[in-house]
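Colleague: My questions will all concern the structure given below.
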Amino acid sequence: MKKLISKGMRLSKIFIPTTKEAPADAVIPSHVLMMRAGMIRPLAAGIYSFLPFGYRMIKKVCEIIRREMDAIGGQEFHLPALNPKEIWEKTGRVEAFGDILFHVKNRDYVLAPTHEEIIAEIAANHVKSYRDLPQIWYQIQTKFRNEPRPRSGVIRGRQFLMKDSYSLDRDWEGLDKSYELHAEAYRKIFSACKLKFFEVGASSGAMGGTGSQEFMVESEAGEDTCVICDNCGYAANVEIAKANSTPYKRDDNSESLKEIHTPNVKTIDELAEFLKIPTTKCAKSRVYIHNDTPILVLMLGNDEVNEEKLRIALGAGKIRPAHPEELSEITGADAGSIGPIETNLQIIADIKLKGANNMVSGANKNDYHISGIDFDRDLSNIKYYDIHYVQEGDLCVNCKSPLRVVKAIELGHIFKLGTKYSEALGAKFLDEKGEEHPIVMGSYGIGVERIIACLIEQNHDEKGIIWPKEIAPFQVHLIGVNMKNDEIRSTCEKLYFEMNESDIEVLYDDREDVSAGYKFNDADLIGIPLQVIVGEKNLAKNKVEIKHRATGNKKLVEIGLLIRTLQDELFLP
Ligand code: ATP
Ligand code: MG
């Protein structure tokens, strides 16, 4: 790759205000370290200034993004962030975004949280014919979203940089191709950024598309929960993730139904405790309203209903949990005493309950339960679906290896939008026969700051950041241990010159007034992959020390061999 940023910098000149402590509101490692390493400073909640060291990383990430977007035929735009509200009204998104949208006072403008509308507006005015298609238009630009609780530093900002691109195609086959090109470009971008990422198919929610995929990074700092299989790579958002469910182990003998008085027993735990049985002998009942019709949902033991899976299982329509005050009218009992025996409701049971016997559930009579329920024998109006949440250790649907449930951060998202925006804004084209059709659109986003924060989440230790060699603000950190020593200074100056000449990106700690210990701590904090330490003792032997930030390994190198050694370490030609 041709390097755009190759100039070395002197620490005495570049503004990197490192600190020992981070402010109290910084709790996740990337936030703490971006503050301590002098990359960012907060201006207001969710709004950050990027200082020179941090902005250098932004430029590096953008360089990779531009390279891969250009490679799939993307053309770079720069769209206005200040948008007439009218355009956003045409697509109904002033309402859809609600409080997230920033409005500009005393003008009918909004600050753009994304740019589908503006792209569709340009297409409506300037794309006329099938000959103008396909197009891939992208930009790297500031987005504004009034996120309710901005935290986690730049991972969730109110102002942030997004690479957003939009594909314009004449039909769905064209969109499929543009979508695949983006998926492949995204894999290259995140790989070049040395991120360990995984992909999940997502339901496209409010964006109104019919196919979408998210690129995720596993991190304790994440706000999404995903299920991943380390063996075969299966990954999904926990809202829709599936597991291989083991069939219920029936008891040999089925008891008969028996009503039991269970005063004040409400929860599954209380029931199991009261009857001295395992929770897996209890079936939990929940009442939902599906298109105005109540249904009874049964779960094994303490399993929670996964409402997204329930919604998918039931197909079309609206679904909500019944309100507490509706329960006794529907079932004859309050929450805690509801069950599947003698009910007229359609029963939807989780797949884990298929074939279960000798189960206990509510009697539809307050303070009573029924034991001896045999799902095969006693329940006829029942359908089984996988509607539970996958749990840590459940087996993978594909390969039956144990699954992990992890927190994750969304790095990027690709959507098949279809014609929602082109229809709302009149973006149409004429085909060969002169017939008019709406343009078929896709939309694709990547959070630039999130890439940097995730890199730090994945690469740090108690001392600071550990940038990978392939993507770091600088490649080499040259440290003159004592700059008042003439020999050290002249050697450092010579090495700094040679590194610049050899296109090695070097940060040179030429500060005179700080101690060696302070310099070493700063170097470990800001995390440049290779440190070159020039000290008196080694210099006497005509040697300098190379320290690897990641491992702490050190080795002595002849000064004359230093440049070649660094080039080899950095895989430079
Ligand atoms: P999230 O669910 O995390 O809020 P989103 O679904 O709202 O993300 P998109 O609208 O798809 O995100 O935006 C595309 C990308 O922009 C996201 O994948 C993410 O990397 C980035 N992004 C979104 N919101 C923010 C934010 N508030 N701060 C920083 N980056 C963001
Ligand atoms: Mg969001």
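Derivation of every value follows stated rules applied to the coordinates shown; laboratory data play no part. Everything numeric here is computed off the predicted structure, so don't read it as measured data. Because the Cβ atoms are built from the backbone with ideal geometry, glycine has one as well, and the counts that use them run over all protein chains shown.
Colleague: I want to confirm something. Restricting to segment 144-197 and keeping residues that are in a loop (DSSP other than H, G, I, E, B), within 15 Å of ligand 2 (Cβ to nearest atom) and of a type in the set (Lys, Arg), which single residue is surrounded by the fewest Cβ atoms within 10 Å (Cβ to Cβ)?
Modeller: 149
Colleague: On to the next question. Go through (1) within 16 Å of ligand 2 (Cβ to nearest atom); (2) within 15 Å of residue 422 (Cβ to Cβ) and name the single condition residue 96 misses.
Modeller: (2)
Colleague: Another question, if that's okay. How many residues are under 26 Å from residue 147 (Cα atoms), aliphatic (A, V, I, L, M) and surrounded by fewer than 14 Cβ atoms within 10 Å (Cβ to Cβ) if we restrict to segment 48-82?
Modeller: Residues in segment 48-82 being under 26 Å from residue 147 (Cα atoms), aliphatic (A, V, I, L, M) and surrounded by fewer than 14 Cβ atoms within 10 Å (Cβ to Cβ): 1 in total.
Colleague: Oh, and also: Tell me which residues, restricted to segment 266-293, are more than 17 Å from residue 340 (Cβ to Cβ), of a type in the set (A, V, I, L, M, F, W, C) and more than 36 Å from the chain's Cα centre (by Cα).
Modeller: Of everything in segment 266-293, those that are more than 17 Å from residue 340 (Cβ to Cβ), of a type in the set (A, V, I, L, M, F, W, C) and more than 36 Å from the chain's Cα centre (by Cα) turn out to be 272, 274, 275, 277.
Colleague: Of these, 318, 284, 276, which one is under 30 Å from residue 254 (Cα atoms), of a type in the set (D, E, K, R) and surrounded by fewer than 19 Cβ atoms within 10 Å (Cβ to Cβ)?
Modeller: One residue alone meets the criteria, 276.
Colleague: I'm checking my understanding of the structure. Among residues of segment 109-143 that are assigned to a loop (DSSP other than H, G, I, E, B) and in contact (Cβ under 8 Å) with a residue 40 or more places away in the chain, which one is surrounded by the most Cβ atoms within 10 Å (Cβ to Cβ)?
Modeller: My answer is 115.
Colleague: Tell me, yes or no, whether segment 99-108 has at least one residue that is within 14 Å of ligand 1 (Cβ to nearest atom) and without any contact (Cβ under 8 Å) to a residue 12 or more places away in the chain.
Modeller: Looking for residues that are within 14 Å of ligand 1 (Cβ to nearest atom) and without any contact (Cβ under 8 Å) to a residue 12 or more places away in the chain, one finds none in segment 99-108, hence no.
Colleague: Hey, does segment 517-532 have a residue that's of a type outside the set (Gly, Ala, Ser), over 27 Å from residue 461 (Cα atoms) and assigned to a helix (DSSP H, G or I)?
Modeller: no
Colleague: Condition (residue is β-branched (Val, Ile, Thr), in contact with a strand residue (DSSP E or B) (Cβ under 9 Å, 6 or more places away or on another chain), under 18 Å from residue 341 (Cβ atoms) and crowded, with 18+ Cβ neighbours inside 10 Å) applied to segment 243-264: is it met by at least one residue?
Modeller: Yes.
Colleague: Give the residue that is surrounded by the fewest Cβ atoms within 10 Å (Cβ to Cβ), with candidates limited to residues of segment 84-108 that are under 22 Å from residue 441 (Cα atoms) and β-branched (Val, Ile, Thr).
Modeller: 94
Colleague: Between a residue in segment 25-45 that is buried (at least 20 other Cβ atoms within 10 Å of the Cβ) and any residue that is assigned to a strand (DSSP E or B) and among the hydroxyl-bearing types (Ser, Thr, Tyr), which pairs come within a Cβ distance under 8 Å, given they are 6 or more apart or on different chains?
Modeller: Partner pairs satisfying both residue conditions: 40/48; 40/49.
Colleague: Could you tell me which residue of segment 219-237 is nearest to the chain's Cα centre (by Cα), considering only residues that are within 15 Å of ligand 1 (Cβ to nearest atom) and crowded, with 20+ Cβ neighbours inside 10 Å?
Modeller: The residue in question is 222.
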